[in-house]
Structure formats: structure tokens, C-alpha cells
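Below is one structure, written out as C-alpha cells; comments come after it.
The values are calculated or read from the model by the stated rules, or taken from the named source; none is laboratory data. Here the structure is a predicted model, which means the values were calculated and not measured. Note that we place each Cβ from the backbone using ideal geometry, even for glycine, and neighbour counts take in every protein chain shown. Side chains are part of the model used for accessible areas, which takes the heavy atoms of the whole protein and leaves out ligands, DNA and RNA. Shrake-Rupley method; radii C 1.70, N 1.55, O 1.52, S 1.80 Å.
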Amino acid sequence: MEEKLRSINLHKKPNHIAIIMDGNGRWAKGKGMQRVFGHRNALTAIRETADTASDLGIKFLTLYAFSTENWNRPKFEVDALMSLLVTTLKKELPEFIKKDVKINSIGNISSLPKNAQKVLAHVIESTKNNKKITLTFALSYGSREEIVNAIKNISKKVVNNELDVEKINEKVINNHLYTFNLPDVDLMIRTSGEQRISNYLLWQMAYAELYFTEVLWPDFRKEHLFDAIIDYQNRERRFGKTSEQIESDE
Ligand code: FPP
């Protein structure tokens, strides 16, 4: 583990890591338990990942906690996920404050149960001046829904003569996404062996490196995060340039 940590170049670390925490259901099933048991055990992985990212000096960590499509799961599971969210946020708030973690959310938050909205708003307000790391929960989030929502809001401004069509550029679109206060994603990690993006941060991942691991989310630990970062650092990010240009930029 120490060796892995030493091989991380702290000057080349990703600024923003986004994670699709997949495999909770399969993890639970493998233990002969209900899917919800997997979600509950996901919390240890969340805590360890957030702590490790923060210790490494990574500034933004964004976790896919609930997608717009997840509303179609059995009511029992949806209710369990919402109640897990509420209890976790309440329980962890003192830790977020102590560890200087700023909590943020993206998604169609108004579709969450009222008590979840209330607790979330309280935790966001209570941590808004924290600086070490921004931990964003994607809740009732879907990238296409986010883009539709942005287009509606931009269109309203055009109709009301607040915005000239010719002034619409990438920055304007960025400013109307739920992620308006977050930088682009550098590294996207998906657990459980699935190799899909599943409607997650499509715009924001335009230049992200994608990393897929077989590890099921409840088993994801510090060493797995190190592996993903080491892999990321061994890739060459070209942003459309040639290798020679990248070398002369360094
Ligand atoms: C994917 O596993 C996981 C989810 C759909 C929910 C993620 C939620 C958590 C990690 C816990 C709750 C979050 C907070 C912030 C308290 P899956 O159920 O799709 O697993 P499977 O693919 O094996 O069925």
C-alpha cells in the first residue's frame, strides 16, 4: 500500500474525480442478503474514498448516489435509499465540519422527498465555507435531464431579451448546468465491471479518462482509489493535441 502511495505523483493528480458506485446489489446477493444490505455497506466505501481523496489533496469528488432512472426501482428499495441518504447526512455532518468537507448536490433535487431536501439543504448550508474538498452527491441526476433543463433556462433568457443567441457559448451552457460551480471531470471511475457511462456527466466528461474496475462498490477501498489514480497518471491526456506538443508544453 505504501508503495502504491509513493508511486502517485502529487503534482499530476486529478482535480475532479467522479464515481459510478455500482455493484451494491450483486455484492449483497453474493452474501445471500437483500440488495439494501449492499447499499448500507456502500457507506464504508464512500467514507474511505472521500477521506483518501481529501488526504491526497483532490479538490472535487462527485458520487452518483441516485439516478433519474433509479426511481423505477421497487418502492421498497427507493425508500431505503432515501432514508439511508437522510440518516447518513445527519450522522456525518459533524465529521464533514471537522474534516473541512464542503457538501454539494447536483440533480433534480425538488423531486426528492421533502425531508431529504430539508436535510440536504441544511448540510449544504452548514458546510458552505469548507475548503479541503467538495463532495458532490448526484441525486435524482441524469445528464440528459440536466441538459434539457439548461436549454429551457437559456431559452427563457433569450425570450425575455436577457441573452443574445449569438452570445451562447460553452461557458454559458456550463453556467446553466447543475455543475455550474464544478470544474470538468478528469477521471471517472466505475466499479463492478460494467463499462458504460449511464447518463452521468456527459458534458462534463468530454475529456475525462475513464477507469473501470471489477471491484464491487462496497469492497472499494483506499488501494483501489490509488490504482485508479496511478492508471490515470500513466495515460497521456492530449486534449486533441499531438504527443510532441504535449511534451513541449511540459
Ligand atoms: C448501484 O448499485 C448503486 C446505486 C444505484 C445506489 C448508490 C447508493 C449508495 C452507494 C448509497 C446511498 C448513498 C448515500 C449518499 C447515502 P446497484 O444497486 O445497481 O448494484 P447492482 O448493479 O449489483 O444491482
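Just a few scattered comments:
- At least 20 Å along the helix axis (C-alpha) and Kyte average at least -1.0, DSSP helices within the chain: 35-56, 75-98, 143-159
- The residues of the chain present an accessible area of 54 Å² per residue when probed at 1.4 Å with all protein chains retained.
- Modelled FRET efficiency - R0 35 Å, LYS91 with LYS157, Cβ distances, 0.05 increments: 0.30
- Relative contact order of segment 129-227, pairs being alpha-carbon contacts under 8 Å that are 6 or more residues apart, as %: 27
- Annotation: segment 1-111 has a Kirkwood hydrodynamic radius of 15.9 angstrom, from the mean reciprocal C-alpha pair distance.
- Across every direction, the projection of the convex hull enclosing the Cα atoms of segment 1-43 has a mean area of 4.5 nm².
- In this simple spin-label model, placing a label point 7 Å from the Cα along the Cα-to-Cβ direction at both THR44 and ARG73 gives a separation of 1.9 nm.
- Antiparallel content of DSSP bridges confined to the chain, in %, to 5: 0
- On the basis of the beta-carbon distance and an R0 of 35 Å, ILE124 and THR242 show a calculated FRET efficiency of 0.25.
- Per-peptide average of other Cβ atoms within 10 Å, ordering 140-146, 164-170 highest first: 140-146, 164-170
- Descending by average beta-carbon neighbour count within 10 Å, the peptides 20-27, 152-159, 188-195, 9-16 line up as 20-27, 188-195, 9-16, 152-159, the highest first.
- Cα-Cα over 30 Å, subset of LYS90/LYS222; LYS128/LYS222; LYS13/LYS99; LYS167/LYS241; LYS4/LYS171; LYS98/LYS156: LYS4/LYS171; LYS98/LYS156
- Quotient of Cα Rg and 2.2 N^0.38 Å for the chain, N being how many residues it contains: 1.05
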